[in-house]
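Have a look at the structure below before the remarks.
The values are calculated or read from the model by the stated rules, or taken from the named source; none is laboratory data. Owing to the predicted nature of the structure, the values given are computational and were not obtained by experimental measurement. Cβ sites come from the backbone with ideal geometry, for glycine too, and all protein chains shown count toward neighbours.
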Amino acid sequence: MFQLIDGKSIAAQIKEEVKEEAERLKQAGIQVCLAVVQVGNDPASSVYVRNKKKACEYVGIRSASFELPEDTAEDELLELVRRLNEDDSVNGILVQLPLPEHISEDKVIQTISPDKDVDGFHPESVGRLCIGEKGFLSCTPAGIIELLRRSGVEIQGKECVVVGRSNIVGKPMALLLLKENGTVTIAHSRTADLKEITQRADILIVAIGRPRFITADYVKEGATVIDVGIHRNEDGHLCGDVDFDNVKEKTAFITPVPGGVGPMTIAMLMKNCIAAAK
């Protein structure tokens, strides 16, 4: 019988811990502040930004909002980021991605001070993770480690397969599993014999970006399956990269979509804001 990993309730636990920390810092005269910058009004981005602001309000973090028009020049955005870097009242800076095509995401990410990089995307943050130094962790992979840890899933010594190699999820995920003493394989859409590799996984983390791509024949009996994908199916319902109904009975632990990995990303962002303030 499989066990559902409830990301909503684990994220709620983390937010309560963050709320206590934020209150302690407030008592010490420190008001934690996250600057949230959005360029344009992409509907999905607007939903994410709204959720991040709601989470800030709940845990007692001040959010400073910067909503810029779609045609904002790249230099103008970079200048705003530099001003926020120098503003001592701002602890963390989040520039909502994706950005309009005329703005280089890499340039923007590299302009954010590594000390305020609460998304964990700056090359310095990634470099620190690579060599095992303390730094901000990318929120989704860090959230997945917490999901596993708080569900009692042992990583040490386990065969871990990450399907996906993005800079935001796949690569940092593999590094974090390695840090927890997992034996890690990174696979992706062009991997030969993908099924053969995923069938070895005690812990299978799927971020391939294809709806319901992973079916039961990709999964080892008794595996833990973490689904990072989020899509709308033909009926307009949310689904992940894993065919949940087809796979669930074969697993020991599995995350649903929605309500699995998603809520953890914002909870870990709040945790990073506290770390930035400290």
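For the reader, a short list of remarks on this structure follows.
- Search result, residues across the stretch 252-278 that are in contact with a Lys or Arg (Cβ under 9 Å, 6 or more places away or on another chain) and more than 29 Å from GLU57 (Cβ to Cβ): ILE254
- Within the stretch 201-249, tally of residues that are among the hydroxyl-bearing types (Ser, Thr, Tyr) and outside any strand (DSSP E or B): 2
- Test result for ALA44, closer than 23 Å to THR140 by Cα and touching a helix residue (DSSP H, G or I) at 6+ places or on another chain (Cβ under 6 Å): no
- Subset of the stretch 195-212 (residues that are surrounded by 18 or more Cβ atoms within 10 Å (Cβ to Cβ) and more than 15 Å from ASP227 (Cα to Cα)): ILE197
- Members of the stretch 55-70 found to be surrounded by fewer than 20 Cβ atoms within 10 Å (Cβ to Cβ) and either in contact with a strand residue (DSSP E or B) (Cβ under 9 Å, 6 or more places away or on another chain) or closer than 15 Å to GLU105 by Cα (or both), listed by number: GLU57, ARG62, SER63, ALA64, SER65, PHE66, GLU67, LEU68, PRO69, GLU70
- Here the condition is being assigned by TED's automatic domain parsing to the domain that holds GLY164 and within 14 Å of GLY7 (Cβ to Cβ); of THR251, THR224, it holds for THR224 alone.
- Screening ALA192 on (1) farther than 17 Å from PHE253 by Cα; (2) buried (at least 16 other Cβ atoms within 10 Å of the Cβ); (3) among the aliphatic types (A, V, I, L, M) shows it passes everything except condition (2).
- Of all residues in the stretch 3-48, those that are modelled with pLDDT of 95 or more and in contact with a strand residue (DSSP E or B) (Cβ under 8 Å, 6 or more places away or on another chain) total 13.
- The residue of the stretch 250-278 that is surrounded by the fewest Cβ atoms within 10 Å (Cβ to Cβ), among those that are of a type in the set (Lys, Arg) and assigned to a helix (DSSP H, G or I), is LYS250.
- Of ILE93, ILE112, all but one fail to be at pLDDT 95 or above, in contact with a Phe, Trp or Tyr (Cβ under 9 Å, 6 or more places away or on another chain), crowded, with 16+ Cβ neighbours inside 10 Å and closer than 29 Å to PRO69 by Cβ; the exception is ILE112.
- Yes/no for ASP202 being modelled with pLDDT of 95 or more, under 24 Å from GLY182 (Cβ atoms) and either in contact with a strand residue (DSSP E or B) (Cβ under 8 Å, 6 or more places away or on another chain) or not charged (D, E, K, R) (or both): yes
- Cβ pairs under 8 Å, 6+ apart, first in the stretch 22-45 and surrounded by 17 or more Cβ atoms within 10 Å (Cβ to Cβ), second among the aromatic types (Phe, Trp, Tyr): ALA35/PHE66; VAL36/PHE66; VAL37/PHE66; GLN38/PHE66
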